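Since every read-out is calculated from the coordinates, none of them should be taken as a lab result. Not measured: the values here are computed from a predicted model. Cβ sites come from the backbone with ideal geometry, for glycine too, and all protein chains shown count toward neighbours.
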Amino acid sequence: MSTMLYVVIPAYNEESNLTPLVRDIATVAQKNGFSYKCIIIDDGSTDRTPNVIKELSANYNILHLENQPNAGLGKTMAKGLKKAAEVSKDSDIIVTLDGDATHDPIYLPSMVEKIDAGNDIVIASRFAPGGMERGLSVLRKFLSRGSGLLLRIFFPTKGLRDYTCGYRAFRASIIKLGFKKFGDNFIQETGFSVTPEILLKLRLLGAKIDEVGFVLKYDQKVGQSKIKVPKTILQYLKMIANFKLKGF
């Protein structure tokens, strides 16, 4: 029986990026004998993103969810992961990646291989051997490295270097366990700080984590970045303080 991938894709104004992304996911899945379903969550887009998702649904295996109005990355991820947990079997694999064409599906086979080897979470890491970033501004590099350094200091975790990249593969059973243990509190962050939040909570449940090196291709992104660096830094600091107060 082939591996089943549920690929959770949050999308906000990604009309130019979704078609090549979904096409590449389907190509990688076919070449490697994976079955797949893309769970695309349109987060109140104001461009043609909803129409593009409907057009893609005619040719690809897509489940279309939506927020109206825009709810932010945290609630969008919560909706997508909850749906993936509901429809998947424990042995399936849930993947999260960005809808902006910066996360190349070519890394999926090596991530699946590491899940099959016994890991619960595999992160496509810019900081693992072979990893790098292309096209990031100095400010964005500062954000990723600064927040990563703080998270490594306060929450050191074996096998984990990249706490903030959202390109990940999860054994479906670990996501189901997250919702079972934490309920609606599993994902509480509303912004980009949701990315380390998910890791830190699953870390509490004993998740085994590994990484594969990958190249973040920010120079391939079409459209403006949605991340507001000062606001995101504040969210990270608040989340770290909150987690430490709770004894994480």
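Give the peptides 21-27, 152-158 in descending order of average Cβ contacts within 10 Å, highest first. Please list the in-between numbers first.
Working: 21-27: 19.1, 152-158: 12.1.
The densest-packed peptide leads the list: 21-27, 152-158.
In this rough spin-label picture, where each label sits 7 Å from Cα along the Cβ direction, the N70-T27 distance is 3.1 nm.
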